[in-house]
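Just so it is clear, none of the values below were taken in a lab; they were calculated from the coordinates. Given the structure is predicted, the values throughout are model-derived calculations rather than measurements. Please note: Cβ atoms are built from the backbone with ideal geometry, for glycine as well, and neighbour counts cover all protein chains shown.
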Amino acid sequence: MSRKERLLDLADLAGSQWGLFTSMQAGDLGFSAQQLKRLADSELITRLRHGVYRLTGAPEAPQDPVRAEWLSLEPKRLAADRLTDAVPVGVVSHRSAARLQDLGDIDADFHEFTVPKRRSTRSPEVVFHVRELRHDDWHLVAGLPVTRPLRTTVDLAAARTDGGHLASIVRDAILTEDTTRDELAAALRPYAHYYGMPIGAGDELVRNFIGQAGVPESVKALTRGDRGVDGVLFDPETNRPIALQSKAFERSRVRFYPDVLERGLADPAFVEALLTALRGSTVDTSRMSATLGNVVAHSKWLADNESVVRALLETIARSVRTESNNDEGGGGNDGDAEVPERPGVSSGDQSADQ
């Protein structure tokens, strides 16, 4: 086989592994250590670590260092073959897993892997954790096997990661929707006393962490410029975040789901955020007024709070009337713009100022 043909084979191999390859994989294609050195001197390849190279021209990525370390764990096997294992030898875990999945803002000074049995490494940048993982303990992130948010959070709690960092990791793990608040509370029970909670108080620990972590940076970013997040809350049933944005009404894909909204109305903070968002909106809200108004008017959570109902319905109606008056055609709202009446509340009461 000619040198050119071998280079093409090497390019194909690297192309299946993020542009990376190991010296052993290259050896199987007929490249000696001396030949690899000459390729590096010619800047056709770049050495990332001992025994792992990147093909010149392959796009670089922030994950390349941990990818290189992962490839070196089984340097002869192709990445695609390793990922067919029930549990790959070496799953990115702990702080490295948190960084890859954008959980919290924890630093990852080392590349951490969970392995099934004790092993050593010459790399000062690698740390191994010995543990048997199940198939559902990991998933693929950036092409690498990575412990899922629940497993990552529990591993970091067991390692006694400081509470400030773990709080943001717990919050972000819930935001991924790969795990739930209840699952985290159950899994963190053995570690509650590490963080000043009663023994076994997983629910209290998670509740404390969520309160401590506050609004995530990804949501805070929405407040920059003209986007304005008026409130961020957790749906108590699904643990999914609810963001109320005055500008969000401009987007056709924004929808109000009656069941989620109905539960949100039980929270005074949600109601206030909804009012603020509606008052701050300068766009046509008539397309969602029927759904929103109907849920508000018949909300079981607001059955004993007519003043709140009136405030919400009036705000919706005012938004619709404003948009109608600003319509270039001067026409009124269509049927969808009508706001339903609250049972037992007169139309006069509904239109009263707050």
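Each Lys and Arg contributes +1 and each Asp and Glu -1, all at the Cβ; summed about the Cα centre of region 91-213, the dipole is approximately 500 debye. With both labels modelled 7 Å from their Cα along Cα-to-Cβ, the Glu204 to Leu7 distance reads 6.8 nm. Can you tally the net charge around Arg38? Count Lys and Arg as +1, Asp and Glu as -1, for every other residue whose Cβ sits under 15 Å from the Cβ of Arg38. Local charge sum for Arg38: +3.
Here the simple spin-label model places points 7 Å from the Cα toward Cβ, and for His135 and Lys37 these points are separated by 4.6 nm. Per the Debye calculation on region 3-61 with a single equal scatterer at every Cα and no solvent contribution, log₁₀ I(q)/I(0) for q = 0.20, 0.27 Å⁻¹ amounts to -0.64, -1.27. Looking at region 91-213, the DSSP beta bridges with both ends there are about 50 percent antiparallel. For region 22-64, backbone nitrogen atoms closer than 13 Å to the point 7 Å from Glu125 Cα along Cα-to-C-beta are found at 47-54, 61-64.
Each label point was placed 7 Å from the Cα along the Cα-to-Cβ direction; for Leu78 and Glu60 their separation is 2.8 nm.
Net charge dipole, region 1-95: roughly 220 debye, given to the nearest 20, about the Cα centre with Cβ charges of +1 for Lys and Arg and -1 for Asp and Glu.
A full extension of the chain between Asp107 and Ala158 corresponds to an added length of 16.6 nm, given 0.36 nm per residue minus the alpha carbon distance.
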